[in-house]
1. Restricting attention to the range A:264-294, report how many residues are closer than 17 Å to residue B:90 by Cβ, within 14 Å of chain B (Cβ to nearest Cβ) and out of contact with any helix residue (DSSP H, G or I) (no Cβ under 6 Å at 6 or more places or on another chain).
2. Among the residues of the range B:109-119, are any within 14 Å of chain A (Cβ to nearest Cβ) and surrounded by 20 or more Cβ atoms within 10 Å (Cβ to Cβ)?
3. Are any residues in the range A:262-305 over 20 Å from residue A:235 (Cα atoms) and part of a loop (DSSP other than H, G, I, E, B), and if so, which ones?
4. When residues of the range A:317-331 are filtered for being more than 23 Å from residue A:258 (Cβ to Cβ) and in contact with a strand residue (DSSP E or B) (Cβ under 9 Å, 6 or more places away or on another chain), how many remain?
5. Taking residue B:157 as the residue in question, decide whether it is under 21 Å from the mean Cα position of the chain (by Cα) and surrounded by 14 or more Cβ atoms within 10 Å (Cβ to Cβ).
6. Do we find that residue A:344 is loosely packed, with under 14 Cβ neighbours inside 10 Å and at pLDDT 90 or above in this structure?
7. Among the numbered conditions (1) at pLDDT below 90; (2) within 19 Å of residue A:337 (Cβ to Cβ), tell me where residue A:246 comes up short.
8. For the subset of the range B:197-216 comprising residues that are over 29 Å from residue B:11 (Cα atoms) and not in a loop (DSSP other than H, G, I, E, B), which member is farthest from the chain's Cα centre (by Cα)?
């Protein structure tokens, strides 16, 4: 017993540690996503740049929340069944079976009302069609139940067996309806929109419907744009490590990876959008040309540090070696993710083995 | 009574372990890793049974899993890109393989230290280090002894507490109980250390130079072995620095296999790792032979 408990504890602590580490890793540098940038419509581009995965599948997200809501509703339905006893059931205390059944039904009706109330409370994220739809369906259900109730009240004088049967059927019907409702709720948004437009609750949320339609229209446009990628401005990029090739400190395996003349990327034109930095362009160029690229994001400032390009890393040619960058033949004194580009800039990434002295940036001291 | 490798001269034991561990750690060649892991495991089975090996392997597994998961997430070097991480950095095949190699290295080190723990007892450590760093050696031996004493005492107190009130599964109650146990153990340890200090003082610690009795003598073959091991170590170092055994994990996975000398180096490294195992096995065979003669 004790041994197994100990092992379990150890496993749990291990899993917790690993999961915390993994979570920290994945969400650590998440704020900076320089890859997706779309300029034209301000509202749409804001959404897409913040998180593309969420906006790509809005239906899935809302479905989840809907199912969550239905769970809540079901739990609310189940509560009053057990607890509340309506006054009508007290009156008909003679026929115990019937009373219990009627109380059940009454409580169901009550719960339906309560559901209406609960559903009407607007939740912030979910689109407003859902409560509207539920209002309609619930109202129909409650109507039917009230009908069945009246039927029961009338038929109290009749023989008990018949009543039992009829009530059973009524109950079954109501249950079916509940299940149908939950199924309906899980349908896609499109069908829901049509349903709502067909039903009588137009007055409640016509504005929001139109809003939703507008956003729907904009979605395909956005996708097209991301595919084409028309950039406003252009700059040239050149990556070279010619200084590293003849360095003696470079290991044999690294040397085998580098290109023979040291040019990792020939001078090519790349487009960029307003406000993009050197780092954004470099990252895009490397991912387009399948050049290996390793960077680290500095936690507080969010600046990027380039550790290696094309598997040539910092410190590979001694303690004072690493990547430096030039814009228009000048070495800027800011990090490459903080340097905002302007039209026609020519960027050069050069590998230095001697703190920049071998590529024309002699360090003169403070 | 320990026999075989445990009866070797402490210096020889130390030398063998240090060369085994340092070669695997400094030269992370996959062949070295595999031979070191297998032979250390085999020696552990031979010297102290499968139970100890299993407890070592448990520790190996935990550390290995951690390393294998973390390494590809942290290091992004390598030519073969498998996928891109959410941060934008690449996940490479080389980093995954290096993670496995590092995990194996960690397991090797753990295994060898388990072996050292069973062979190099505290008096041997004091003998080895006592002349160079007398205070340090004494402190090491005291702390090594004390940790096991402490865990022993903790177990005893816990058992006693269990007898007093068992079966209560309330978490808070258990926490309180554990705190009580730990506090009592700490009190005991403080008291014990004061007692030890008094005892040492009354026996004249610090009045003069410390001497220690030992009965370790170099036998002829042990001297030979020491020379041989030093030679082998230097040969391996020379082979590594002159790239007779060439390999690389980053940025391209490369292992040179067509060099005959590299096989020689692997063989002589295996020889060092084999010494403890061979000593124990030969001792067992001798014992069997002697018994059959009666």
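1. Residues in the range A:264-294 being closer than 17 Å to residue B:90 by Cβ, within 14 Å of chain B (Cβ to nearest Cβ) and out of contact with any helix residue (DSSP H, G or I) (no Cβ under 6 Å at 6 or more places or on another chain): 14 in total.
2. No: the range B:109-119 contains no residue that is within 14 Å of chain A (Cβ to nearest Cβ) and surrounded by 20 or more Cβ atoms within 10 Å (Cβ to Cβ).
3. Listed by number, the residues that qualify are A:262, A:292, A:298, A:299, A:300, A:301, A:302, A:303.
4. Within the range A:317-331, the first condition is being more than 23 Å from residue A:258 (Cβ to Cβ), and the residues that meet it are A:327-330.
Applying the additional criterion that residues be in contact with a strand residue (DSSP E or B) (Cβ under 9 Å, 6 or more places away or on another chain) yields A:327-329.
Final tally of qualifying residues: 3.
5. When the stated conditions are applied, residue B:157 does not pass them.
6. Yes.
7. (2)
8. B:202
The values are calculated or read from the model by the stated rules, or taken from the named source; none is laboratory data. Note that the structure is a prediction, hence the values are computed from the model and not measured. For neighbour counting, all protein chains shown are included, and Cβ atoms are generated from backbone atoms with ideal geometry for every residue, glycine included.
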